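Let me begin by presenting the structure, written as structure tokens, before commenting on it.
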Amino acid sequence: MSRKLFGTDGVRGTANTHPMTAQLALELGAAVGRYFRNEHHGVHRVVIGKDTRLSGYMFENALTAGLTSTGMNVLLLGPVPTPAVGLLTPSMRADLGIMISASHNAAPDNGIKFFGPDGYKLSDAVEAEIEALIDAGVEPAAPANIGRAQRIDDGRFRYQERVKSTLPPGLRLDGMKVVVDCANGAAYRTAPEVLWELGADVIPLGVKPDGHNINAECGSTKPQAAAAKVVETGAHVGICLDGDADRIVLIDENGTIADGDQIMALMADRWSEEDRLKGGTVVATVMSNLGLERFLTGRGLRLERTQVGDRYVVEAMRKGGWNLGGEQSGHIVMTDYATTGDGLMAALQFLAEMARTGRPASELAASFELVPQLLRNVRYDPSEAPLEHASVQAAIAEAEAILDGKGRLLIRKSGTEPLIRVMAECEDPALMNRIVSEIIAEVEAVAG
């Protein structure tokens, strides 16, 4: 069964433009309410969290209307990180969890992500069944069975206590100066409070959301301001989260930026030493740097690759029984603690290693040497299919032949935006740049 609405991480798009309209959100709420309503017990619950986008109010109300129309009781958490929804869904015995967020995207965009009763994101097959329910129409509940909605005031605090509990017992962050950039997003209160409560000297950035400034020149996709603040204040480390706080980028004391691959390398090495890394395996996507794979292999560990999307990483982890995975973009998944990527929990693992070893961030965030990698994007009309053109396929085939034995080439459509992503890795940067530029030019020629 195919999917039309769902991408790599729920439904996403520009607010008030299909598919991200209030009407579709209402229909989506009714469909997931009908799908997840458990007829074997009398209480039917769904928890809803959101980030700080202005359109979040609209989608929160529309989803609530659709859900209550099918008899679901809605528990509104307000602004919380995405991993908080994954945690609180099973904790509050809910049938379903929903996060309203477009993650790292700009403020005009929004998205709707779903978690099952176990706190894990839905599979492709379940999403396809939900789409089929929307197409078929959903019968509303009888008037006496309409659901209720209520605000939950302590959801954020429950999540914060869970996050703090992942720091090793007795370990504190006293004397550690930390810049934390919350991207004017969902963790604008959570992250500074957790770090302060654990003893850190916190320098907060991106903590004044106004509905429009989420991810605007800040956060994990724009870490330059945080890097400058680390150097300016003499901080020991910087933490950059994205709009819904399921991603992290780290900054060392010199202002150098480290991505998710370096974080996974550090954690894998440490967990392996402590015999905590299940199966000696780390799960990452096809986007992760070749240097990470070489680093793990050199330590007798293994890298399992998946398609892009943190939920595909989680699916592989659960299937293989592995407990560490993530994405180069900063999703770090630790299934011992959480059901999805959690930027703040990953940050605490890094800070714990700094506190335990006394080593600076610059040493811990550079576990391996990166293989030169270049990623460029081409925007295209969603009605077009540029990758199917013969000239583009020929250019890709030629590039793959040139790179054979020298590096990697990855061409894919974004699952969240109308973009073609062209990525290459090669020890020869000049060759890598030429190959990517030639493919980009061919895609632009047919996409324009």
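The values are calculated or read from the model by the stated rules, or taken from the named source; none is laboratory data. For clarity, every value in this text was computed on a predicted model and none was experimentally measured. When we count neighbours, we look across all protein chains shown, and the Cβ atoms used for this are built from the backbone with ideal geometry, even at glycine. Please note that ligands, DNA and RNA were not included when accessible areas were found on the heavy atoms of the full protein model with its side chains. Shrake-Rupley method; radii C 1.70, N 1.55, O 1.52, S 1.80 Å.
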Among the residues in the stretch 97-116, are any within 15 Å of R311 (Cα to Cα), part of a loop (DSSP other than H, G, I, E, B) and over 16 Å from the mean Cα position of the chain (by Cα)? yes
Looking at this structure, is A187 closer than 14 Å to I251 by Cβ, in contact with an Asp or Glu (Cβ under 9 Å, 6 or more places away or on another chain) and surrounded by 24 or more Cβ atoms within 10 Å (Cβ to Cβ)? no
Unique residue being within 30 Å of R37 (Cβ to Cβ) and open to solvent by less than 60 Å² (accessible area, probe 1.4 Å) when the list is I146, I152: I152
Out of the helices (runs of 4 or more DSSP H) lying entirely within the stretch 343-420, which hold 3 or more residues that are over 25 Å from V333 (Cβ atoms) and open to solvent by 40 Å² or more (accessible area, probe 1.4 Å)? 390-403
Which pairs turn up if I take residues in the stretch 342-358 that are at pLDDT below 95 and of a type in the set (G, A, S) and look for partners that are buried (at least 19 other Cβ atoms within 10 Å of the Cβ) and outside any helix (DSSP H, G or I) with beta carbon separation below 8 Å, at least 6 apart in sequence or on another chain? none
Among the residues in the stretch 201-208, are any under 30 Å from K113 (Cβ atoms), open to solvent by less than 20 Å² (accessible area, probe 1.4 Å) and hydrophobic (A, V, I, L, M, F, W, C)? no
Give all pairs with beta carbons closer than 9 Å in which a residue from the stretch 387-414 that is over 14 Å from E438 (Cβ atoms) meets a residue that is assigned to a helix (DSSP H, G or I) and among the charged types (D, E, K, R); count only pairs at least 6 apart in sequence or on separate chains. H389/E442
Flagged in the stretch 310-324 as open to solvent by less than 30 Å² (accessible area, probe 1.4 Å), at pLDDT 95 or above and more than 22 Å from G219 (Cβ to Cβ), in numbering order, are V314, A316, M317, N323, L324
Report whether or not L87 is touching a residue at least 40 places away in the same chain (Cβ under 8 Å), in contact with a Ser or Thr (Cβ under 8 Å, 6 or more places away or on another chain) and of a type outside the set (S, T, N, Q). yes
Restricting the stretch 252-264 to residues that are under 29 Å from M99 (Cα atoms) and out of contact with any Pro (no Cβ under 6 Å at 6 or more places or on another chain), the residue that is surrounded by the fewest Cβ atoms within 10 Å (Cβ to Cβ): D259
From L167, L171, residue being modelled with pLDDT under 95 and crowded, with 18+ Cβ neighbours inside 10 Å: L167
Given the conditions (1) in contact with a strand residue (DSSP E or B) (Cβ under 9 Å, 6 or more places away or on another chain); (2) at pLDDT 95 or above, report the number of the one that Q307 does not fulfil. (2)
Of those in the stretch 273-287 that are in a helix (DSSP H, G or I) and either within 26 Å of L241 (Cα to Cα) or among the charged types (D, E, K, R) (or both), the residue least open to solvent (accessible area, probe 1.4 Å) is K278
With criteria (1) over 20 Å from C240 (Cα atoms); (2) open to solvent by 20 Å² or more (accessible area, probe 1.4 Å), K177 comes up short on (1)
If I ask for residues that are in contact with a Pro (Cβ under 7 Å, 6 or more places away or on another chain) and modelled with pLDDT of 90 or more, which ones from the stretch 360-380 would you list? P372
Condition check: modelled with pLDDT of 95 or more, assigned to a helix (DSSP H, G or I) and either out of contact with any Leu (no Cβ under 9 Å at 6 or more places or on another chain) or among the β-branched types (V, I, T) (or both). Does T52 satisfy that? no
The condition of being outside any strand (DSSP E or B), in contact (Cβ under 8 Å) with a residue 12 or more places away in the chain and within 22 Å of A62 (Cα to Cα) holds, among G175, G199, G211, only for G211
What are the residues in the stretch 214-239 that are open to solvent by less than 20 Å² (accessible area, probe 1.4 Å), without any contact (Cβ under 8 Å) to a residue 60 or more places away in the chain and either within 24 Å of R156 (Cβ to Cβ) or in a loop (DSSP other than H, G, I, E, B) (or both), if any? C218, P223, A226, A235
Looking across the stretch 1-30 at residues that are over 15 Å from V74 (Cβ atoms) and among the hydrophobic types (A, V, I, L, M, F, W, C), the single one that is modelled with the lowest pLDDT is M1
Listed residues L63, L133, L76, L88; which is closer than 29 Å to A216 by Cα and open to solvent by 10 Å² or more (accessible area, probe 1.4 Å)? L76
Considering the stretch 1-31 alone, what residues qualify as being aliphatic (A, V, I, L, M), assigned to a loop (DSSP other than H, G, I, E, B) and open to solvent by 30 Å² or more (accessible area, probe 1.4 Å)? M1, L5
